[in-house]
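Undergrad: Input: one structure, supplied below.
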Amino acid sequence: MKRCLATAIAVATFGLSTQTSAEVTPAPFTLSVGESVLGHTFEAGYRFNSRFGVRGLYGDGSVSIDTSLEGNQYDGDVSLGGFGLIFDYYTSGNTFRLSAGAVTLDHRFDGATSGNIVVNGTSYSAPLNLSASFDQSLAPMIALGVQTPIRNSRFVFTGDLGVVYTGGATASGSDPTNTIVQSDIDAELSDINNTLDDLPIAPFLKVGIGFQF
């Protein structure tokens, strides 16, 4: 009787252990959509095991912004987009992850001033067109992230917060009316580029909803 009871307990324990292991083992594939610094984002991920995984992502979009540079207000649009390849290390619990990889930054700002402006200390009523883009099209990144099931289903919430090294940005400008003296434009652009060079990193942010299978 004791031997039968011990055998039953061993079988039950083994069965529970197997079930628990199956419950915490992540599904290998994840597809998700969301928003990121690359725009509207599609992501595909693969888990090698409970600790390591890899993701590929693509983003595209645009956003209208107004910003102040050297005292002048610029209104314009930022074109967003790019690809990314990210390697993940999941901590215990299969929820939080440390990530590193690289993303392409197909970002470009195109805008112009309106009204009176001051360029290199001189007041003008003419507009100044400005374009700017990151110096590095391929930028390394690091991030902290999370991927967790939604109500114990195969649907997951996924998110990342980190930084990318852009190397700074470079701007170019022109006056379509040929009113602003070129030397003033050159001096203004030099000041703007000095400011942009002091910003070698940019935030990396991504949130999304996905499905594991």
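Undergrad: Does ASP88 satisfy being at negative phi and either out of contact with any Phe, Trp or Tyr (no Cβ under 9 Å at 6 or more places or on another chain) or surrounded by 13 or more Cβ atoms within 10 Å (Cβ to Cβ) (or both)?
TA: yes
Undergrad: Just need a number here: residues in the stretch 47-61 that are loosely packed, with under 12 Cβ neighbours inside 10 Å and of a type in the set (A, V, I, L, M, F, W, C).
TA: Residues meeting the conditions: 1.
Undergrad: I've got another one for you. Do any strands (runs of 3 or more DSSP E) entirely within the stretch 72-160 hold 1 or more residues that are of a type in the set (A, V, I, L, M, F, W, C) and in contact with a strand residue (DSSP E or B) (Cβ under 8 Å, 6 or more places away or on another chain), and if so, which?
TA: 72-90, 96-104, 108-113, 117-119, 129-134, 138-149
Undergrad: Further question: May I ask you to list pairs of residues, at least six apart or on different chains, whose Cβ atoms are under 6 Å apart, with the first in the stretch 138-163 being without any contact (Cβ under 8 Å) to a residue 24 or more places away in the chain and farther than 16 Å from ALA27 by Cβ and the second being surrounded by fewer than 19 Cβ atoms within 10 Å (Cβ to Cβ) and among the hydrophobic types (A, V, I, L, M, F, W, C)?
TA: Between residues of the stretch 138-163 that are without any contact (Cβ under 8 Å) to a residue 24 or more places away in the chain and farther than 16 Å from ALA27 by Cβ and residues that are surrounded by fewer than 19 Cβ atoms within 10 Å (Cβ to Cβ) and among the hydrophobic types (A, V, I, L, M, F, W, C), there is no close pair.
Undergrad: With at positive phi and either among the charged types (D, E, K, R) or loosely packed, with under 14 Cβ neighbours inside 10 Å (or both) as the only criterion, which of ASN194, ASN116, ASN178 stands out?
TA: Step by step, each of ASN194, ASN116, ASN178 is checked, and only ASN178 is at positive phi and either among the charged types (D, E, K, R) or loosely packed, with under 14 Cβ neighbours inside 10 Å (or both).
Undergrad: Separate question: Looking at SER64, SER68, SER32, can you tell me which residue is crowded, with 16+ Cβ neighbours inside 10 Å and among the polar types (S, T, N, Q)?
TA: On the way: SER64 fails: crowded, with 16+ Cβ neighbours inside 10 Å; SER68 fails: crowded, with 16+ Cβ neighbours inside 10 Å.
It is SER32.
Coordinate-derived values only; no laboratory data. Since this is a predicted model, take the numbers as computed values, not measurements. Ideal geometry is used to build each Cβ from the backbone, glycine not excepted, and the neighbour counts take in all protein chains shown.
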